[in-house]
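To keep things clear, I will list the structure first and then write my remarks on it.
Throughout, read-outs are computed from the coordinates displayed, never taken from laboratory work. Since this is a predicted model, take the numbers as computed values, not measurements. Neighbour counts run over all protein chains shown; Cβ positions are idealised from the backbone, glycine included.
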Amino acid sequence: MGAGEVEVVVIGAGQAGLSAAYHLRRSGFAPDRDFVVLDHSPGPGGAWQFRWPSLTYGKVHGMHALPGMELTGADAARPSAEVISEYFAAYERTFDLRVRRPVDVRAVREGDGGRLLVETSAGNWAARALVNATGTWDRPFWPRYPGQETFRGRQLHTARYPGPRAFAGQRVVVVGGGASGTQHLLEIAPYAAATTWVTRRPPVFVEGPLDENAGRAAVARVEERVKRGLPPRSVVSVTGLPLNDAIREGLASGVLDRQPMFDRIVPDGVEWRDGRHVTADVILWATGFRAAIDHLAPLRLREPGGGIRIEGTRAVADPRVHLVGYGPSASTIGANRAGRAAVRDIRRLLAGEAVEPAAA
């Protein structure tokens, strides 16, 4: 059972949570005595352990090494879920982070003596500070459309994407203009009987890889939203889709022939207001994720705009609470920096020092 008091509770052992745990360790905090890391997943790897088998390590874009230990010698042909899960497991062992799993955090609320009470499936912890690193994987976003409940085919979200062979011989509608939507579509097309791509807004394709200036500008736009207390959008959503060889081939072949969003779902497919109809066996919702922060609801951190207002990584409404991997730090390199920034501020908080606003 979880027991008693610690200085810091870290919720989540993905990139952001492990980064925070590493920096706590480097700052002299001892695992179990001074901090605990709680993770509800069955094993190491964060959200990576749930990625579809056809996403090999060689296809992964933007995987940044955890602080203090590089990922070297990985076989590009192996599934990313295996490669990165093994790397995370080795990282936890190397730095003796003692992640407790599977542990479900049910609620964080005000405790006694100025501490936060973290209620979990493995007992309760009382902490002076909290690092929330729960990411988004557990909150897939499913849009609602008229007639959705009448569809006789299969509907699934990209969070449960089984790989392209599962769609062999089927007519598939892919919904979503992000990277996962285009990747799934390009993978599925050779196996499916037919594919249709629909998005709410016309996709924006950008030449070449995202450069440093464009990346900084995108992060700044997401950061501006969370500073105003609005729900964060992903960094990817404001950068556009890089025009790589696979995308160019998809555009040339007609697989990436984008259609506007349908208006309703009918038992055998989807329809538009003008009467156009596409028959479908499967609707694949590649519609993104939302931040998994419902367990923080008792602390009343949400602003009227629906998000949690943060400065750097710190919740403006409660300086004991830090959100890493949230909003502008929802990338692997951003999560590393946020983990370091959160621990820096927590050390000052626990020492009774004033914490100045700072970007992660």
- Pop the C-beta distance of T150 and A122 into the FRET formula with R0 = 41 Å and round what comes out to the nearest 0.05. 0.45
- Kindly provide the helix-only [θ] at 222 nm of the chain, computed as the sum of -39,500 (n - 2.57) over DSSP H runs of four or more divided by all residues, to the nearest 500 deg cm²/dmol? -7000 deg cm²/dmol
- Item | At R0 = 30 Å, FRET efficiency that the Cβ-Cβ distance of W272 and E303 yields, to 0.05 | 0.25
- Note on the structure: In whole percent, the Cα-Cα distances of region 257-338 spread across 5 Å bins from 0 upward as 3, 11, 17, 15, 9, 7, 9, 13, 10, 6, 1
- Item | Within-10-Å neighbourhood charge of G68 [Cβ basis; K, R +1; D, E -1] | +1
- Message: Quick check for me: using +1 on Lys/Arg Cβ and -1 on Asp/Glu Cβ, what's the dipole size of the chain about its Cα centre, in debye to the nearest 20?
- Response: 500
- Near R264, within a Cβ-to-Cβ distance under 14 Å, what is the net charge of the other residues, with Lys and Arg +1 and Asp and Glu -1? -2
- Query: What's the Kirkwood radius of the chain in Å, using all Cα pairs?
  - Reply: 21.7
- Note on the structure: Taking region 1-159, the equivalent ellipsoid from its C-alpha gyration tensor has semi-axes in Å, biggest first, of 30, 24, 11
- Item | Distance cut-off 13 Å, percentage of C-alpha pairs in region 105-146 lying past it | 64
